Amino acid sequence: MDAWRKVRRLYWLMTPIGLLGLLLEWSSSTRMVKRRKIHPVVWLLTPIVLLGVMGWLGSTEMVNWDNAVRSDTIASYQEYVRRFPDGLHASEARGRLTIIADVDNKLREVCSGTGAQEAAMYTTSSSFHPVTVYRFDDGQLVNVGGDIPQAWKAGSVTADELVACVGEEKKVVVQTCHYTGGWETTRYRYETSVVLRAARTAAVVAEKTIAGSEPSTCPVSITRGSPFNDRTIEGTSVRFRDIKEWLKGIVNPREGD
């Protein structure tokens, strides 16, 4: 095979349309069909298609990178590196993974009452206090860095002053309404406790129970077959933005001024 044919075959391999070119090359070389010329339009379309494919791949990578940065969690960066090990932001993703893992390993114990000696000292004299937020989810402590403003984050253990520990959501009985015939309806509210601790000492700085919306009131009366029979009336779940609003007053009270 001459050099030109090798180059041309490599060129065809680079694009989906190239499959057609390879098929025609193979057909002519095996003498199964009559040798035919490649139409000039195909040659013109090939680089256009190649650029389109490259652009699509690039946009897919950027979408994944944006999602990773927005979530800002170990899982999100690991997913980006898995899909794009040699991507434009692969090095940056690995660097962020190292930082988050270091912070996670040293600060998660603060929620259990063990301070991180490397962390910054919390003092009320400062108007801004970097924070790391953890949430209990099915008994597991999860870093929810993607749910808080980037400006609140310390970026390293040595710069972190506070650790917020968000408990699991609980269903609390507000009222049980009793009716003639032994029927009853129970009203429930959802609540979450938040404990804010100093990163270095694990001392409690502030704590608060944050609730979702109140459940609607019990009906005045119910009858057999009523949709309220033996059922519950529930409020809405706790919104994380309400948790953030409370934290803002301590972490960065001047935000939005």
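The values are calculated or read from the model by the stated rules, or taken from the named source; none is laboratory data. Predicted model, so just to flag it, every value in this text is computed and none were measured. Positions of Cβ are generated from backbone atoms using ideal geometry, with glycine treated the same way; all protein chains shown enter the neighbour counts.
Observations
One line per residue, one yes/no per condition, for (1) assigned by TED's automatic domain parsing to the domain that holds residue 145; (2) crowded, with 17+ Cβ neighbours inside 10 Å; (3) in contact (Cβ under 8 Å) with a residue 60 or more places away in the chain; (4) on the phi > 0 side of the Ramachandran plot:
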site: 79; (1), (2), (3), (4): no, no, no, no
site: 117; (1), (2), (3), (4): yes, no, yes, no
site: 123; (1), (2), (3), (4): yes, no, no, no
site: 127; (1), (2), (3), (4): yes, no, yes, no
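- Residue match in the range 205-215 (condition: within 19 Å of residue 133 (Cβ to Cβ), in contact (Cβ under 8 Å) with a residue 40 or more places away in the chain and surrounded by fewer than 16 Cβ atoms within 10 Å (Cβ to Cβ)): yes
- Residue-level check: of (1) among the small types (Gly, Ala, Ser); (2) at pLDDT below 95; (3) part of a strand (DSSP E or B), residue 206 misses just (2).
- Pairs meeting the criteria (first residue in the range 83-95 and closer than 14 Å to residue 72 by Cα and free of Cβ contacts under 8 Å to residues at least 60 places away in the same chain, second residue surrounded by fewer than 17 Cβ atoms within 10 Å (Cβ to Cβ) and not basic (Lys, Arg), beta carbons under 6 Å, at least 6 apart or on different chains) are lacking.
- Of all residues in the range 190-203 being touching a Lys or Arg at 6+ places or on another chain (Cβ under 8 Å) and in a strand (DSSP E or B), the one that is farthest from residue 119 (Cα to Cα): 190
- Checking every residue in the range 249-257 against the condition of being within 24 Å of the chain's Cα centre (by Cα) and at pLDDT 95 or above gives zero matches.
- Test: residue in the range 207-221 that is in contact with a Cys (Cβ under 7 Å, 6 or more places away or on another chain) and either of a type in the set (Ser, Thr, Tyr) or over 22 Å from residue 246 (Cβ atoms) (or both): yes
- Of all the listed residues (125, 91), the sole one being more than 23 Å from the chain's Cα centre (by Cα) and modelled with pLDDT of 85 or more is 125.
- Subset tally (residues that are buried (at least 16 other Cβ atoms within 10 Å of the Cβ), in a loop (DSSP other than H, G, I, E, B) and over 17 Å from the mean Cα position of the chain (by Cα)) for the range 129-155: 3
- Residue match in the range 162-179 (condition: hydroxyl-bearing (Ser, Thr, Tyr) and over 20 Å from residue 204 (Cα atoms)): yes
- Among the candidates 173, 163, the residue that is in a strand (DSSP E or B), assigned by TED's automatic domain parsing to the domain that holds residue 118 and surrounded by 13 or more Cβ atoms within 10 Å (Cβ to Cβ) is uniquely 163.
- Residues within the range 94-104 that are surrounded by fewer than 18 Cβ atoms within 10 Å (Cβ to Cβ) and modelled with pLDDT under 85, tallied: 3
- Residue identified as modelled with pLDDT of 85 or more and under 24 Å from residue 126 (Cα atoms) among 199, 154: 199
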